[in-house]
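Enquirer: One structure follows; several queries about it will come next.
Bear in mind that the values in this text are calculations on the coordinates, not laboratory data. Here the structure is a predicted model, which is why all the values come from computation and not from measurement. Cβ sites come from the backbone with ideal geometry, for glycine too, and all protein chains shown count toward neighbours.
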Amino acid sequence: MVQAIATLRQNLKSGVNPASVEPYGTVVFAEEGDKTKIDVDIVGLAPGEHGFHIHEFGDQTDGCVSAGAHFNPFGKTHGAPTAAERHVGDLGNITIGEDKSVKTTLYDGQIKLTGEHSIVGRSIVVHALRDDLGLTPNDAESLKTGNAGARLLCGVIGRTSSSTIIINNPNPPKSSL
């Protein structure tokens, strides 16, 4: 089974004041037949919905900004994860609970860990706001980004050789972007 992992760190260049607990997380990807399983484990963010996307570059030299736009190899407009018209990197929203954490599993039929349009080497980004899924009428930004706001957390997706990955990391990252 092909697997990949991203360790998410806080983007200090987001312009959003850091929380009292430094947010961090882990996202594990595993190809399972024609879908990719995505295990998400994040702590330290404000409760509510947050846009969740794969961005085109694995570059974090300027925080999460240098991750580029949503991964969109087919030139489509922004949309919901289940929509026919969507960026490959459009994964919708994750919901942070009142305890400022989320642990969830998603499945996606468009992202791949191998091949020409692999997500390995790209970035996963958690945004400050709810992704509107490209549904806001007469709004060009909705069709481009989903109006998901600042980039709060990001990490580079890297292939892993481990078949056993612990996603509830008891040792959060010590540094931020």
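Enquirer: Give, rounded to the nearest 20 debye, the magnitude of the charge dipole that region 40-151 has about its Cα centre when Lys and Arg contribute +1 at Cβ and Asp and Glu contribute -1 at Cβ.
Expert: In debye, rounded to 20, region 40-151 gives about 140.
Enquirer: Nearest 5 is fine: what % of DSSP beta bridges in the chain come out antiparallel, could you say?
Expert: Among the beta bridges of the chain, antiparallel pairing accounts for roughly 95 percent.
Enquirer: Still on this structure, please answer the following. Pick out, from Ala67, Met1, Ala84, the residue whose Cα sits farthest towards the positive end of the charge dipole of region 1-126, with +1 on the Cβ of Lys and Arg and -1 on the Cβ of Asp and Glu.
Expert: Result: Ala67, furthest along the dipole toward the positive end.
Enquirer: Next question. Placing unit charges on C-beta atoms (Lys and Arg positive, Asp and Glu negative, everything else neutral), compute the dipole magnitude of region 1-105 about its Cα centre in debye, rounded to 20.
Expert: Rounded to the nearest 20 debye, it is 100 debye.
Enquirer: I need to check one value: relative contact order of the chain, counting alpha carbon pairs closer than 8 Å and at least 6 residues apart, in percent.
Expert: Reported relative contact order: 32 percent.
Enquirer: A follow-up question, please. Rounded to whole Hz and in sequence order, give me ³J(HN,Hα) for region 62-79 from the Karplus expression 6.51 cos²θ - 1.76 cosθ + 1.60, θ = phi - 60°, writing x for Gly and Pro.
Expert: 10, x, 6, 4, 6, 6, x, 7, 4, 5, 9, x, 9, x, 8, 7, 5, x
Enquirer: I've got another one for you. Just to verify a number: FRET efficiency for Asp34 and Thr77, C-beta to C-beta distance, R0 = 22 Å, to 0.05?
Expert: Plugging the Cβ-Cβ distance into 1/(1 + (r/R0)^6) gives 0.40.
Enquirer: Given just the C-alpha atoms of region 69-158, how large is their convex hull per residue in cubic angstrom?
Expert: Once divided by residue count, the hull of region 69-158 is 110 Å³.
Enquirer: Count the lysine pairs in the chain that are 8 or more places apart or on different chains: how many have C-alpha atoms under 24 angstrom apart?
Expert: Taking the Cα cut-off of 24 Å, the pair count is 16.
Enquirer: By per-residue mean of other Cβ atoms within 10 Å, what is the highest-first order of 114-120, 84-90?
Expert: Put in order of decreasing packing, that is 84-90, 114-120.
Enquirer: Additional query: Pop out the ³J(HN,Hα) list for region 105-111 in order, Karplus 6.51 cos²θ - 1.76 cosθ + 1.60 with θ = phi - 60°, rounded to Hz; leave Gly and Pro as x.
Expert: 10, 10, 10, 9, x, 9, 6
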